[in-house]
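The structure appears right after this line, and notes come after that.
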Amino acid sequence: MAGSNDDRLDSDLEGAHLDTLAVRAGQLRTMETEHGEPIFTTSSYVFRSAADAAARFSGEDPGNVYSRYTNPTVRTLEERMAALEGAEQAVAMASGMAGILGVCMALLTSGDHVVVSRSVFGTTTTIFTRYLKRFGVETTFVDLTDIAGWQQAMTARTAMLFVETPSNPLSEVADLKQLSQLARQHDAMLVVDNTFCTPILQRPMELGADIVVYSATKYLDGQGRCMGGLVVGRAEQMKEMVAYLRAAGPTLSPFNAWVILKGLETLRLRMQAHCDAAKQLALWLQQQPKVERVHYSGLPEHPQHELASQQQRGYGGVIAFEVAGAKAEAWRFIDATRMISITANLGDTKSTITHPATTTHGRLSQEERDRSGIRDNLIRVAVGLETVEDIIADLERGLAAV
């Protein structure tokens with residue numbers, strides 16, 4: 001008889017589209033034949049014999065060793081993200097920042113040089129300027145969109161180019177194909193923080209990136225429930241990431257991995273809704289007399305609108321805008337809102353609002369903020385899934401206070 005019940009326990013995903021992979025990739029059902037993904041809340045695993053334990057610990061035999069770096073729930077998330085990126089392997093970490101530091105610790109060495117966009121998250125800047133500097137890694141910061149500046153910054157010791165695109169919070173867009181070509185010419189890695197787009201809107205490895213990093217805390221979870229990070233790339237590089245994870249222990253918990261897995265199941269639907277609402281809100285903000293400038297790559301006036309249209313499948317859910325005045329006016333605007341959450345997180349079903357100069361980029365010097373375009377009158381809104389008219393009504397309260 002053709003086929004058996006056992007044949008149906010695991011999904012055949014050959015040729016499957018992104019939506020299907022986001023729901024089903026990576027799941028391997030246990031003997032309980034569960035429909036959903038189980039949470040393996042265990043610190044360790046039992047071996048059949050001393051010889052079996054030795055083979056597992058040495059890597060001779062595959063399988064679980066210790067949940068600091070091998071856990072079935074976490075592995076399901078890793079395999080699902082690798083499938084979504086079209087990559088060989090993914091490694092889950094405790095947070096997005098743990099992932100960025102992990103890439104640097106696993107793949108850089110003392111004496112290396114890194115070129116980094118000025119338009120990265122403020123804490124990412126701190127990693128390079130304060131901590132990696134102590135270990136002999138030199139960093140040069142350049143304007144994200146200035147290809148000539150990237151070229152001039154390259155040296156014989158350049159081992160990595162690091163970029164966040166679209167940038168936080170100004171939605172600047174890097175030309176990933178050009179940067180990947182530059183990296184290859186200098187035998188360097190191109191690392192891309194793709195948190196704002198997710199694999200639904202942008203797949204950097206298809207554009208030449210070597211490694212993609214995520215704060216899974218944001219859109220991949222999508223509901224502000226937990227912390228997590230992911231690093232995706234070639235198996236050779238990810239082998240080093242696993243070795244770092246095994247030694248240093250910035251481990252993603254099985255529960256958080258399960259939460260993020262649940263978030264991935266609705267990722268495309270949410271990203272489309274975020275994009276649609278953000279575009280409508282950006283157009284509305286452009287018409288407000290007290291708004292001096294709107295930063296959103298979905299607007300035709302945005303300097304990289306054409307590039308964003310070419311390498312992304314949407315413009316994301318984050319908008320930044322400058323109100324008339326300075327910090328006092330921006331703070332009054334934020335304090336006058338009554339529905340939108342005042343928090344620096346983003347990628348949530350709930351809309352959030354923050355003042356980047358004193359929160360996400362507050363640890364940068366005034367000179368660094370000026371170079372990055374983080375003005376005192378700048379406000380960032382991460383558009384959630386509420387009805388757009390209700391978001392607008394709340395922002396009208398802010399405008400009335402300016």
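Laboratory data are not the source of any read-out in this text; all were calculated from the coordinates shown. Keep in mind the model is a prediction, meaning the values are calculated, not measured. So basically every Cβ, Gly included, is an ideal-geometry build from the backbone, and we count neighbours across all protein chains shown.
Things to note:
- Residue-averaged [θ]222 nm for the chain, counting only DSSP H segments that reach four residues, each worth -39500 (n - 2.57): -11000 deg cm²/dmol
- A Förster radius of 45 Å, combined with the Cβ-Cβ distance separating residue 17 from residue 123, puts the computed FRET efficiency at roughly 0.85.
- Cα-projected label distance for residue 272 with residue 243, points at 7 Å along beta-carbon direction, nm: 4.4 nm
- Whole-Å distance, taken between Cα centres, linking region 132-201 and region 10-47: 34 Å
- Cα gyration tensor shape for region 10-120, rounded if a/c is under 1.5, else prolate or oblate: oblate
- Charge dipole of the chain about the Cα centre (unit charges at C-beta), most positive-ward option of 334, 280, 113: 334
- Judged by the gyration tensor of its Cα atoms, with axes a ≥ b ≥ c, region 156-309 is oblate; a/c meets the 1.5 cut and b/c is at least as large as a/b.
- Counting only the Cα atoms, the chain fills a convex hull of 156 Å³ per residue.
- Between residue 133 and residue 393, the FRET efficiency from the beta-carbon distance, with R0 = 60 Å, is close to 0.80.
- Of the chymotrypsin sites (Phe, Trp or Tyr not before Pro) found in region 130-213, the ones in coil according to DSSP and having at most 16 other Cβ atoms within 10 Å of their Cβ are 135.
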